[in-house]
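Written below as structure tokens is the structure these notes are about.
A short reminder: the numbers here are calculations on the coordinates, not readings from a lab. None of the values given here were measured: they were computed from a predicted structure.
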Amino acid sequence: MEDRFFASGYFLLLISSFSLVHEGRRPETPVKVTPVEFVLNYEISAFDLNNETIEVGLKRLASRSAAFAMGFEHELKSKQTDPPIQDPRLTLHLTATTVREALDAMCHADGRYTWSTDDAFVNVYPIKTISDASYLMNRRLEKLDLKELTDIQQGLLAIVNQLPTPKEQVAIAQIGIGVDDAYPPEPWTTSYEKLTVRQAINRLVRHMGERSSWAFTGSADFRALAFDKRGFFFDSYN
């Protein structure tokens, strides 16, 4: 069986902790594995890309039995009126691999991108933005207060309003029929301290549900976010 994991994904609140006792040895210190680390080490018998983009590969990887939440930040166009950026076509044939190794291989093949983890998310974003403090997802909030949220648009507005100047623009993309970005019906109130916009969006999206995912796209003069609580399966906004 190709996928040896739990069907509901890594957001089960399961901490794997065990110790092995060998004759004549002291018990080893228990090893705790967080859910996101558990999913990164998940073994895959084969992972293939056949002249396909990194976005296709991420969707394929995130929809396996080891499904996980994804935040994907497209390379932005300079202007909204510019033609779409043509993503490189990748061909990969990996065997006896892991989710971590597949992410590494895709980001190596499409050298524009890198990845990291935060909370329960795998975040993939342009490598050129890492040291750019002005890039929206890297901007920092000293504190984020969320009060009685009933939809994610309220959360995005709270982020924009609580960022220091300069003011930022971001829209919610309309990405087609069947997308589910609804919050639970009970109003949500919480607060966070000292986090980036990327981390803040991860937490807003996490409130939708265990596998909820997001994409950031558009252009430098018109940025948009798309969400889906079913996972990273949707077609991104262009």
How many times 2.2 N^0.38 Å is the alpha carbon radius of gyration of region 35-228? 1.04
HN-Hα couplings for region 68-78 via Karplus (6.51, -1.76, 1.60; θ = phi - 60°), in whole Hz with x for Gly/Pro, come out as 9, 7, 10, x, 10, 9, 5, 5, 7, 6, 6
Along its three principal axes, how long is region 129-226 when you only count alpha carbons? Whole Å, largest extent first please. 35, 30, 21
Checking the cross-link filter: which aspartates and glutamates have an alpha carbon closer than 16 Å to that of LYS167, excluding same-chain neighbours under 8 positions apart? GLU142, ASP221
Given 0.36 nm per residue, what is the gain on full extension from ALA182 to ARG140 after removing their alpha carbon distance, in nm? 12.5 nm
Listed by chain and number, the lysines with an alpha carbon less than 16 angstrom from that of LYS59, same-chain partners under 8 positions apart left out, are LYS229
